[in-house]
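Encoded as structure tokens, the structure appears first; notes follow it.
The values are calculated or read from the model by the stated rules, or taken from the named source; none is laboratory data. Every value quoted in this text rests on a predicted model; they were computed, and no experiment measured them. Cβ sites come from the backbone with ideal geometry, for glycine too, and all protein chains shown count toward neighbours. Please note that ligands, DNA and RNA were not included when accessible areas were found on the heavy atoms of the full protein model with its side chains. Shrake-Rupley method; radii C 1.70, N 1.55, O 1.52, S 1.80 Å.
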Amino acid sequence: MNLYVFIYDGCALFEVILACYFLKNKYNINMISINKDLVQVFEGMTIKCDEFINKVEINENDVVIIPGGNIEILKDEELLKEFLELCISKNCKIGAICAGVNLLIENNIISTEDKEKYSINNIKNGDRYVLAKANEYVDFALSLGIICDIYKDVDDFEETIRFFKQFKEC
């Protein structure tokens, strides 16, 4: 199974790094972009993409993460819309944070009402989406873990919360 992180110039990588860390034991992580081999992220780093979105072979149960950032450069980007529609048709799980949520709305993948329905406060196992605000990146990662069923049991989940949210040694 694969985890695809959609990156673009100016995207906020910090919003999704913890989610990648949590999911890396269950998913192969792939950095994808529309058409650039090298992407300059908000933090100033240059990230090499593994694949372009029109070459990705999406499978059922894959996960796609969309970070926030300057989404103006992605307005009316037909390849992105086609990719997102393919993800929906393949029953992928999708996590979006900050302006990444707006990208889903602008491409008619979710509605504005879905922002609350799939927020980190309402998420449950079996959901297909996790939607979060920029400062909710820890809860975003925890919630993606829930819908991707990565936790061994309740104790594993609670230990993750103690360490990453409550800053307690485990």
- When the range 1-16 is checked residue by residue, the ones that are within 18 Å of Tyr137 (Cα to Cα) and surrounded by fewer than 16 Cβ atoms within 10 Å (Cβ to Cβ) are Phe14
- What pairs can you find where one residue is in the range 102-119 and touching a residue at least 12 places away in the same chain (Cβ under 8 Å) and closer than 13 Å to Phe83 by Cβ, the other is part of a loop (DSSP other than H, G, I, E, B) and not acidic (Asp, Glu), and their Cβ atoms are less than 6 Å apart, with a gap of 6+ or different chains? Leu104/Ile110
- Task: Name the one entry in Asn122, Asn91, Asn102 that is in a loop (DSSP other than H, G, I, E, B) and within 27 Å of Glu57 (Cα to Cα).
- Result: Asn91
- Scan the range 107-131 residue by residue and report those that are surrounded by 13 or more Cβ atoms within 10 Å (Cβ to Cβ), over 19 Å from Val5 (Cβ atoms) and either of a type in the set (D, E, K, R) or within 12 Å of the chain's Cα centre (by Cα) (or both). Asp114, Lys115, Lys117, Asp127
- Residues of the range 49-61 being modelled with pLDDT of 95 or more and surrounded by fewer than 11 Cβ atoms within 10 Å (Cβ to Cβ), in sequence order, are Lys55, Glu57
- Message: Only one of Val5, Val39, Val16 is assigned to a helix (DSSP H, G or I) and touching a strand residue (DSSP E or B) at 6+ places or on another chain (Cβ under 6 Å). Can you tell me which?
- Response: Val16
- Query: In the range 42-68, which residue that is in contact (Cβ under 8 Å) with a residue 60 or more places away in the chain and not hydrophobic (A, V, I, L, M, F, W, C) is nearest to Leu13 (Cα to Cα)?
  - Reply: Pro67
- Query: Of all residues in the range 74-98 being in contact (Cβ under 8 Å) with a residue 40 or more places away in the chain and within 21 Å of Ala141 (Cα to Cα), which is surrounded by the fewest Cβ atoms within 10 Å (Cβ to Cβ)?
  - Reply: Lys93
- Message: Just to be sure before I move on: is Asp149 within 22 Å of Ile58 (Cα to Cα) and either exposed (fewer than 13 other Cβ atoms within 10 Å of the Cβ) or at pLDDT below 95 (or both) in the structure I sent?
- Response: yes
- Filtering the range 132-143 down to residues that are open to solvent by 20 Å² or more (accessible area, probe 1.4 Å) and within 14 Å of the chain's Cα centre (by Cα) yields Lys133, Ala134, Glu136, Tyr137, Val138, Asp139
